[in-house]
1. Can you compute the helix-only [θ] at 222 nm over the chain? Use -39500 (n - 2.57) per DSSP H run of at least 4 residues, normalise by all residues, nearest 500 deg cm²/dmol.
2. Based on the Cβ-Cβ distance of residue 156 and residue 275, what FRET efficiency does E = 1/(1 + (r/R0)^6) give at R0 = 30 Å, to the nearest 0.05?
3. Sorting 9, 146 on the 10 Å Cβ count, fewest up front, what's the list?
4. Expressed as an acute angle from 0 to 90° and rounded to the nearest 10, what is the orientation of the C-alpha long axis of helix 241-253 relative to the principal long axis of the chain?
5. When N is the residue count of segment 86-150, what does its C-alpha Rg come to as a fraction of 2.2 N^0.38 Å?
6. Most mobile of 224, 47, 37 per a Gaussian network model of the chain (Cα springs, under 10 Å)?
7. Once the Cα atoms of helix 176-192 and of the chain are each reduced to a long axis, what angle between those two axes, in degrees from 0 to 90 to the nearest 10, is obtained?
8. What list do you get for 127, 115, 167 if you sort them by fewest beta carbons within 10 Å?
């Protein structure tokens, strides 16, 4: 309930300090077992099973808050600095649904960041992920009473989790003609992904694939450069850079320009060799064909 107009309200100082003391050990990526999810739905036009189940009790109401008990848990996706920020200045934390993906191939793709919807929670197990499709907001005083479990144990894991959360909402929306032009490339990558072949093993080594529009995305015709970034020069490769160029050349030849796209070129380099300007001006190409998989069964 909103405070009456003109009321100068603030949280009790002692309560806020008690909450702050309990949250100082929390990190982004930490999780709790079990919990409750909720969202606003129209039971007369259900898009989820839980909204459909609410139809019987909704009457003539067209907007209801539906809740569900989650059998696995909830994962903190708010940045660590904001979790530990004084509750008097930032009283909320965002949590995503914690799921376990049973399918081996889907779980592997999610761990390899090929399923942007899911972010791996490594300390729990290889099949545990934050499902960023379902997110709730919780006051810190509630979180302070929960039993925290560490989701990540190293700086590298925490950095990877943060990057996964960021990536979900920062993916670039490529123009339709660009998506159609590069579809043969993503098809080739998908075809070899997960295969126990020389090329399948090599594809898993790709550190990143980025696309640059030479004159910018708003200028037509569009000339594309696709950057294939391999692990840094300190790491061994399954294929040499020259072998990679030969393989990728065949893939790019299948990418016939569509509509506003004028041409497609490519470059192959080690991750520690690409310059910062090119990296910042280019956009990441997802190899999942920009599609979201079905909700996994917990």
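Where a number appears in this text, it was derived from the coordinates with a stated rule and is not lab data. Since the structure is predicted, the reported quantities are computational estimates derived from the model, not experimental observations. Note that each Cβ is placed from the backbone with ideal geometry, even for glycine, and that neighbours are counted across all protein chains shown.
1. Rounded to the nearest 500, it is -8500 deg cm²/dmol.
2. Using R0 = 30 Å, I get an efficiency of 0.80.
3. Fewest-to-most ranking of 9, 146: 9, 146.
4. Helix 241-253 sits roughly 90 degrees off the main axis of the chain.
5. So segment 86-150 has a normalised radius of gyration of 1.30.
6. 47
7. 80 degrees
8. If I rank by nearby Cβ atoms, fewest first, I get 167, 127, 115.
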